[in-house]
Amino acid sequence: MYIPKDVSEKQVLGVLATAGCRNVIASSVQEIPAPRVYCPIKQNGENTDESYLEKRNAFFSDKHNQYRLFYISDAYIKNAQKAMEILISEYHIKAGIDSSETFPWMAIVICFLLYVLLLFNAENQFVYGFAGIFPLLFILCFPFYTIAAAVCLLLYDYYLIQKVWQRAGAVHYLVKNSLVLCFAAISLLIVFITSFTAGIILMMIPAASFSAVFLYHAFEKKKAFSPVFIRPAGFISIINRKSVHFMLSCATGICLLTVFALFGVDKSPSVSVKGVSLPVPIRYSVSRGVKAFPSLTDYIVWNWNTITYPYRSLNNKDNLYSIPENGETVILPRYKETENGISESNEIVFRYDSAFRKTVIKSIDALPYPAIEKVLKKQGNSVCIGYLITDRKAYDPKSLLLLLAAGFVPLMVFVYNITIRKKKNDIHF
């Protein structure tokens, strides 16, 4: 939830508590996670822009420092909505909630249903079955509606390709077939516009699909008898009554994706504030991350420097705060009186390793207050933080345009085949 800076944080926390929200993470309730018991003095760099404690304050403000931010568990989303309504109606405070949208399961389901439909009606079911697995894995990795539309086009393209697979001249025939190339090109273009990374990966999908099919054929050749197609690919029409009807199925699947993209968004109540740049998790990227936000790794490093600070030499100021390397240790000399006199030994007090990191992460749950570190732990190290403008539109215009373009192609080809080509007797129904 985000509230204007001029509103008292205590007042907002009171309204949230009245509405039933518990363990609200706010700026005023933050404490020092690892207090110095043996050396309660300020550490070098603690109050600089590079310190963890200074950086974590960025989580409680928007990009332009105009709104206070409060983090509320998903378990209290209805309570938070009730609190927001109270703030707006009774206190006339401009408030907003940025709740997470539901996972787009229907994008995966529609792609899977189209795959099954085409699989059971394919002439070469094993070929289509092996090849179509990789587009399904692709949509699992990038579950977006626009990418799902591109996968639908690709699955239908595979359905056309399998009709002439292993026939003489199949490659030459497919390279010259404008429909096969059109579906593949539009699919690739949509994915590249959606995500450049996803587009690069999609370019590898056909290679993976054909590799799987070749492995299947290599296994088939070991059999005593392998059938050979007599008619070459040039004598086979990949557009017939069945394939045209399944083209309509492809268009229908994309239309359903468009409907779910428009109406399957998060249904949180309308907010009185739009266009606020809030901190959000993004995929791990050094170039995209905002350095103002600390990560879970920063918290672990800060813990290391805080805990080991009493054991560091004050003569070397550069050594008071550093990024530890894996396996780094803090060693203390120990002296013991023996029969041969006093013997010296070294004791490893702390070691920066996986065990230390796990201990620090595990200790977050034991913090006796609603700590922002609990949010960092939930996000993990696979993401970093950036700003996103929270404008509650029902859809993204660019995504809608891509979905409409993806659905327009098979629909227009379908209309062309059942009208113009049918009249010319180029296709038989």
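The values are calculated or read from the model by the stated rules, or taken from the named source; none is laboratory data. Just so it is clear, the structure is predicted and the values come from calculations on it, not from any experiment. Methodologically, a virtual Cβ is constructed for each residue, glycine included, from the backbone with ideal geometry; neighbour enumeration extends over all protein chains shown. SASA here: full protein model, heavy atoms, side chains in, ligands and nucleic acids out. Shrake-Rupley method; radii C 1.70, N 1.55, O 1.52, S 1.80 Å.
Data table
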{"read-out": "Accessible area of residue 210 in the full protein assembly, 1.4 Å probe (Å², nearest 10)", "value": "60"}
{"read-out": "Rounded to the nearest 20 debye, dipole of segment 53-134 from Cβ charges on Lys, Arg, Asp, Glu", "value": "320"}
{"read-out": "Links that overshoot a 27 Å alpha carbon limit, given the list 55/377; 242/398; 5/374; 63/377; 78/358", "value": "242/398; 78/358"}
{"read-out": "Contour excess over end-to-end distance, with Cα ends at residue 178 and residue 141 and 0.36 nm allotted per residue", "value": "10.4 nm"}
{"read-out": "Computed FRET value (nearest 0.05) for residue 71 with residue 354, which takes r as the C-beta separation and R₀ as 22 Å", "value": "0.20"}
